[in-house]
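So the structure is just underneath, and the comments pick up after that.
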Amino acid sequence: MKFKPSRPPSGYPLDCAKDSRNYQGYRARSASTIKMSLRSLRACMICSIVQPQAKFSREGCPNCEEFLELRHNGDAIAEATSSVFEGLITLADPENSWVAKWQRLQGYAPGTYAVKVVGVLPEEVIAAAENAGIKYIPRDGSGEVEQ
Ligand SMILES: [Zn+2]
């Protein structure tokens, strides 16, 4: 029996069939949990809330509906929300949460938010947000440089 601990403990033990099965089981489990909900999820590019597309269509964005007018408007949803996002966080109490402060989400509705939303907002959407008194900060990571 050859056992060569050639990798650090955090590495995936390639030589071991039994562990490999466990690993696959783990992968399958987490993948199916995500698959269930991720397919039609979209993130608002203004506030970064993540909702199923159907909910955006039915109820609009809980934070930005006033100026985005996403309700029953597939084009607006396509423009102002993105299906490419990372890092979900759940906000139960946006007023008092340090995560909310850190993500600049204070004052927003409780819900699930993405840490990063990738997408380009059309000029007129940015203008509409600014008219509504919202300072649009790109949430794709490009606005995080200055500090
Ligand atoms: Zn929004």
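Rule-based calculations on the coordinates, nothing more; no lab input. Keep in mind the model is a prediction, meaning the values are calculated, not measured. Methodologically, a virtual Cβ is constructed for each residue, glycine included, from the backbone with ideal geometry; neighbour enumeration extends over all protein chains shown.
Computed over neighbours whose Cβ is under 13 Å from that of residue 55, the net charge equals +1, Lys and Arg +1, Asp and Glu -1. Computed from the Cβ-Cβ distance with R0 of 41 Å, the FRET efficiency linking residue 88 to residue 127 stands at 0.90.
Restricting to Cα pairs below 8 Å that are 6+ residues apart, what does the relative contact order work out to for segment 38-132? Please round to a whole percent. Provide the component values of the computation, followed by the final result.
Working: 157 pairs, mean separation 31.1, N = 95.
It comes to 33 percent, rounded to a whole number.
Restricting the calculation to Cα atoms, segment 38-132 yields a radius of gyration followed by a Dmax of 12.3, 35 Å.
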